[in-house]
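Chemist: Sharing a structure with you now.
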Amino acid sequence: MNTRLLRRGSLALSSAGAATILFAGVAHADPVAPAPPQPPPQAQAQVTPQAQAALSPATNTDAAVVVKQEEMVSAPQRDWHAPKGLQLGARFGYTFGAGSVFSGEGVMDSAAGALPLIVDAGVRVLPTLYVGAYGQYAPVLFKGDTPPGCPSGAGCNGASWRFGVQFDIHFMPSVRWDPYIGLGAGYEILHTAFQGPATATLPSGTTASVQVDHSENNRGWEFANITLGADWRIDRNFGIGPFFTFTVGEFNVRSGETTVSAGGLSTTTTAPDVNHTTHELFIVGARGTFSPM
């Protein structure tokens, strides 16, 4: 019996020692190193684009402004400066007049106006000074049947020619809208013609229906003309703009003849001398210019 107790005690001590060794091993094992602390999600979310922009030396807006400024500096400015050299021009508009062709015949008695086409050529001596010559052809617009207009059934035609020199002074030749004033003088011719039936007084004192063929020219000096206008440049070589011209002149020569036919007989007479007086013309329209240089 004592022997059994001794064996059981030894086994118990052996188990206790093994357990002690096991627990001691666990107790003395190297502890695992703790993981480094992670920043909370709120800290990461706080790095906003505004914070990044604050840390950057230049924001996107600043960069865009710098690029725009560089483009403005590098972009060439448009040059509207009028070139010197040859200049060609054309004008179209409407003409009406005042005064008389000669005593007893007003400029607007039988005409409702005219449609002038004016061409000019010259040289831009300076950006501010143009010197050139002009020529005009203007078909006359006759009034209707009411005298002294063109009678019904008759053929009436007329035209005005003007030639001369002109000096234009430009005030703003380096900008797109360039006003100018023109001064000139020249020569003027007015042609009128009439063919058709008319009533005439015969030498016997009676009236009769006759056939009339009349052609007449009045010509003389245009003492002065003044033009106000402006060029709006499409580019340095092309321009267009309004103009207004006022002229003062006087015809001093009249020529022509009238043939009257009735009953198979015809009589031709020359235009008699008349007393010419001064007259004025007003021309308004548009002008285009071209400088090939």
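The values are calculated or read from the model by the stated rules, or taken from the named source; none is laboratory data. Nothing here was measured: the structure is a model prediction, and the numbers come from that model. Every residue, glycine among them, receives a Cβ derived from its backbone with ideal geometry; neighbour counts consider all protein chains shown.
Chemist: Can you name the residue in the stretch 254-280 that is aliphatic (A, V, I, L, M) and over 23 Å from residue 101 (Cα atoms) and is also surrounded by the fewest Cβ atoms within 10 Å (Cβ to Cβ) among such residues?
Modeler: Taking the candidates together, the pick is 265.
Chemist: Quick check, is residue 199 surrounded by 13 or more Cβ atoms within 10 Å (Cβ to Cβ) and either in contact (Cβ under 8 Å) with a residue 12 or more places away in the chain or not in a loop (DSSP other than H, G, I, E, B) (or both)? Steps first, answer last, please.
Modeler: Values: surrounded by 13 or more Cβ atoms within 10 Å (Cβ to Cβ): no; either in contact (Cβ under 8 Å) with a residue 12 or more places away in the chain or not in a loop (DSSP other than H, G, I, E, B) (or both): yes.
No.
Chemist: From the list 234, 283, 189, which one is exposed (fewer than 15 other Cβ atoms within 10 Å of the Cβ) and assigned by TED's automatic domain parsing to the domain that holds residue 174?
Modeler: Result of the check over 234, 283, 189: 234.
For (1) acidic (Asp, Glu); (2) in contact with a strand residue (DSSP E or B) (Cβ under 7 Å, 6 or more places away or on another chain); (3) under 24 Å from residue 253 (Cβ atoms), each residue gets a yes or a no:
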residue	(1), (2), (3)
101	no, yes, yes
107	no, yes, yes
120	yes, yes, no
143	no, yes, no
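Chemist: Here's something else I'd like to know. If I go through the stretch 157-200 residue by residue, how many of them are among the polar types (S, T, N, Q) and farther than 29 Å from residue 252 by Cα?
Modeler: 2
Chemist: Going by the structure shown, is residue 213 among the acidic types (Asp, Glu) and surrounded by 15 or more Cβ atoms within 10 Å (Cβ to Cβ)?
Modeler: Criteria met by residue 213.
Chemist: Any residue at all in the stretch 265-273 that is of a type in the set (A, V, I, L, M), in the same structural domain as residue 201 (by TED's automatic domain parsing) and closer than 22 Å to residue 192 by Cα?
Modeler: For the stretch 265-273, residues of a type in the set (A, V, I, L, M), in the same structural domain as residue 201 (by TED's automatic domain parsing) and closer than 22 Å to residue 192 by Cα: present.
Chemist: Residues 89, 153: which one is touching a residue at least 12 places away in the same chain (Cβ under 8 Å), at positive phi and touching a strand residue (DSSP E or B) at 6+ places or on another chain (Cβ under 6 Å)? Full working, then the answer.
Modeler: Working: 89 fails: at positive phi.
From the options 89, 153, the qualifying one is 153.
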